[in-house]
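In what follows, a single structure is set out as structure tokens and then discussed.
Read-outs throughout are calculated quantities, based only on the coordinates presented, and are distinct from any laboratory measurement. Given the structure is predicted, the values throughout are model-derived calculations rather than measurements. Methodologically, a virtual Cβ is constructed for each residue, glycine included, from the backbone with ideal geometry; neighbour enumeration extends over all protein chains shown.
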Amino acid sequence: MIRKTHPELGDPAAGNGILSRRVFLEGTLVVGATGAGLSCGSAEPLAVQPWMKVPGPGFAGYGQPSPFESKVVKVFPPPPNPPGVGASRTPLHMLEGMITPSGLHFERSHSGVPEIDPDQHRLVIHGLVKRPLVFTVEALSRYPMQSRIAFIECGGNSLALNAPQAQPLNVAAIHGLLGCSEWTGVRLSTLLDEAGIEPEARWVIAEGADAAAMSRSIPLTKAMDDALLCLYQNGERVRPSNGYPVRLLLPGFEGNMNVKWLRRLKLTAGPAMTKDETSKYTILLKDEKAWQFVFPIEVKSVITRPSPGLALRGPGFYEISGLAWSGNGSIRQVDVSADGGRSWAPAALQGPILPKAPVRFRTAWQWNGGPAVLQSRATDDTGMVQPTRAQFAAERGFRGVYHYNAIASWRIDEMGEASNVYA
Amino acid sequence: MFTLKPIAVCVSMLTIAPAALAQAPQLGQPIAPADIAPWDISIGPDGAGLPPGQGTAIEGEAIYVAKCQACHGEKGVRPNVALAGALVGGMGTLAPDKTPIKTVGSFWPYATTLFDYVRRAMPFQESKSLTADEVYAVSAYILNLNGIIGPNDVIDAHSLPKVRMPNRDGFIPFPRNPK
């Protein structure tokens, strides 16, 4: 294959320095031709470091990140809330690729993380079934399994962007209720078939074994379509904060429905109208009505780098990188703007591109040192386009709290600092 | 915690199961409905699942003060713990351009949800510790504080589903759910 070479610094593809994605697709960036490249002085002479002179420590039973990475942690608010109540957030701006390390996957819990002995845990399926059944974790582990890479996003993610004034928050604080894992487990449909579904069943009430016994009603159609009872997360048993020993995965549906510590599935003719599907996770519209049972996470994206706290170090070449996802399917396209949405260019999408999984996108950017507003706009394979903030507001206003998915904006100032703005 | 009874896997199940089931190991153990009962805490909006027992707001006040008020605040209006949320008030705040205060009285569509949630999740530090009478009584107290029932109205499995919540018709389906 003959690669096209570019005599200049990539091809301008949109305003304010956005370059062609061919930089990533073909790897042909030639830096410095315009005189605006990185101005690097000569490097220091190379020294032989002490860790090359003596043997390092031995093995560990479970590997930990480098101590130099100690800032890469989940963030959560201090008291007065009781421990384990509320949410901890994934530091998306410090991560790359599409997979969230299990120890950094966000968590939302309503009454702390239960310490469950898997030998004592039981899952019961009952209600409108021919044969009520109980499963041990050991029994579940003997069923044929499936793996899939899928995101889980809390329905309350990004709710800070409903505020009338843009708050000085970073990626984790605004968008950190998003994680993606390779989940492995048993298809729920297999177990429901074994129990025998009565014809009048339409819903499945799922309940966790936490102290809050968190509970949601799920359409039987989803349960029979692609619901997975997950025993493994990224190759190891699901972490306690993410539902050990077994959690429900409803690919693409709001996080709250993916019930953790799953202990009970009751088939019913109608929804239970639980606290978390009436008083919470409903979207109050501009009039007095509220949307109820808002299941899919609609198409969305966020730039994770540059972003607040990750300052640019002088004009020159930067990669704009972020995540795009849709609970309705696969990401088809992500466009990036450096001028607040006046002009756009398509970003390179990092494969694999999977349905209901985040896609890493990358855009080459030549920052000229002036003000810029960075935005990303995702389109999924159903044709749905991520709305502008104005389009979002026109449909539902800002009183809905949940499922905020409008285009987000980072302003870059002359110092290279990024901040959350509405643009 | 229930215990599993040693019930042999019923061979006749195999003959009535769909053909696809032959691919799965069928390791679920049959369990009698009566043995599930301690776990079956779901309450339907029609009242299905509500246990025997009863209570009034008058009876519920003392329980609320002892078990709920530390987080939810006096008479449920101003919580001491932010995530606890207000239980009372907010009537009329769903109107356009107002800042909504979503309480049991102003927002919740079903009174049965109150019983279901209190029984499964409250009090926060000792969930599932209240008797059915206590859950009925404290539910009645919160409904009474919101002006929805009287102080002496008896709340039980028969009357709770009939309580008409002010925002009962406030919800519409999301138009873009998958088919």
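Inter-chain Cβ neighbour count for B:99-108, averaged per residue, equals 3 (cutoff 10 Å, partner chain atoms only). Each Cα pair under 8 Å and six or more residues apart adds its sequence gap; the mean of these over the residue count of the stretch A:300-421 is a relative contact order of 32 percent.
Proximity of backbone amide H atoms, modeled 1.01 Å from N, is registered between residue A:267 and A:126, A:127, A:128, A:205 at under 5 Å, excluding neighbours fewer than 5 places apart on the same chain. Name the residue, out of B:154, B:104, B:135, whose mean-square fluctuation peaks in a Gaussian network model built on chain B with Cα pairs under 10 Å. Among B:154, B:104, B:135, the largest mean-square fluctuation in the Gaussian network model of chain B belongs to B:154. Structure remark: mean-square fluctuation, Gaussian network model of chain A, C-alpha springs under 10 Å; the largest value among A:392, A:253, A:295 belongs to A:392.
Every helix of 4 or more DSSP H residues in chain A counts as -39500 (n - 2.57), and over all residues that averages to -2000 deg cm²/dmol at 222 nm.
To check you understand DSSP bridge types, tell me what percent of the beta bridges within the stretch A:122-272 (both residues inside) are antiparallel, rounded to 5.
Given both bridge residues lie in the stretch A:122-272, the antiparallel proportion sits at roughly 90 percent.
Under the convention that each Lys and Arg Cβ holds +1 and each Asp and Glu Cβ holds -1, the size of the dipole of chain B around its Cα centre is about 580 debye. Residue by residue, the stretch A:275-282 carries 3J(HN,Hα) couplings of 3, 7, 10, 10, 6, 10, 6, 10 Hz when phi is fed to the Karplus relation 6.51 cos²θ - 1.76 cosθ + 1.60 (θ = phi - 60°); x denotes Gly or Pro.
All Cα-Cα distances of chain A, cut into 20 Å bins from zero to the largest, leave 24, 52, 22, 2 percent in each bin in turn. With a/c under 1.5 counting as rounded, go ahead and sort the stretch B:54-162 into rounded, prolate or oblate using the C-alpha gyration tensor (a ≥ b ≥ c being the square roots of the eigenvalues; past the cut-off, prolate if a/b is larger than b/c, else oblate). Oblate, because a/c is 1.5 or more while a/b does not exceed b/c.
Considering only the stretch A:279-423, what is the antiparallel percent among its DSSP beta bridges, to the nearest 5?
Of those bridges, close to 95 percent are antiparallel.
Dimensions of the stretch A:122-272 along the principal axes, based on C-alpha atoms and rounded to the nearest Å, stand at 55, 35, 28, largest first.
The listed peptides A:326-338, B:30-42, ordered by packing as a protection proxy, come out as A:326-338, B:30-42 (highest mean of other Cβ atoms within 10 Å first). Summarising the amide proton neighbourhood of residue A:100: residues at separation of 5 or more, or on other chains, whose placed amide H is nearer than 5 Å comprise A:180, A:181. Amide H contacts of residue A:197: A:130, each under 5 Å away and 5 or more positions distant or on a separate chain (H built 1.01 Å from N in the peptide plane; Pro and chain starts excluded).
Given their separation in residues at 0.36 nm each and the Cα-Cα distance between them, residue A:96 and residue A:73 gain 6.9 nm when the chain is fully extended. All other residues whose Cβ lies under 12 angstrom from that of residue A:173 are scored, Lys and Arg at +1 and Asp and Glu at -1, for a net of +2. Take each residue in B:168-175, count the other chain C-beta atoms within 10 Å of its C-beta, and the mean is 6.
Using a cut-off of 10 Å between beta-carbons, work out the net charge of the residues near residue A:94 (Lys and Arg +1, Asp and Glu -1, residue A:94 not included). Don't skip to the end; give the middle numbers.
Values: positive: A:71, A:305; negative: A:69, A:96.
Here the charged neighbours net out to 0.
Using the Cβ-Cβ distance between residue B:37 and residue B:69 with R0 set to 56 Å, the FRET efficiency works out to roughly 0.95. For chain B, relative contact order (Cα pairs under 8 Å, six or more residues apart, normalised by length) works out to 26 percent.
For peptide A:276-287, the mean count of partner chain Cβ atoms within 10 Å of a residue's Cβ comes to 5. By the rule of a C-alpha distance below 19 Å, with chain neighbours fewer than 8 residues away ignored, the lysines paired with residue B:179 are A:222, A:356.
The packing ranking, built from the mean of other Cβ atoms within 10 Å per residue, places the peptides A:178-188, A:313-323, A:55-65 in the order A:178-188, A:313-323, A:55-65, highest first.
The average projected area of the stretch A:300-421, computed from the convex hull of its Cα atoms over all directions, is 7.5 nm².
What's the center-to-center distance, using Cα atoms, between the stretch A:357-419 and the stretch B:119-179 in Å? Result: 40 Å between the Cα centres.
Take B:122-131, A:298-307 and order them by the average number of nearby Cβ atoms within 10 Å per residue, most first; the result is A:298-307, B:122-131.
Please report the relative contact order for chain A, taking Cα pairs under 8 Å with a sequence separation of at least 6, and give it as a percent rounded to a whole number.
Values: 1007 pairs, mean separation 77.0, N = 423.
Reported as a whole number, the value is 18 percent.
Here the Karplus relation 6.51 cos²θ - 1.76 cosθ + 1.60, evaluated at θ = phi - 60°, turns the backbone of the stretch A:154-160 into coupling constants of 4, x, x, 4, 6, 5, 4 Hz, with x for every Gly and Pro. Each residue of the stretch A:166-173 was assigned a 3J(HN,Hα) from its phi angle through the Karplus curve 6.51 cos²θ - 1.76 cosθ + 1.60 (θ = phi - 60°); the sequence is 5, 8, x, 10, 9, 4, 4, 5 Hz, with glycine and proline shown as x.
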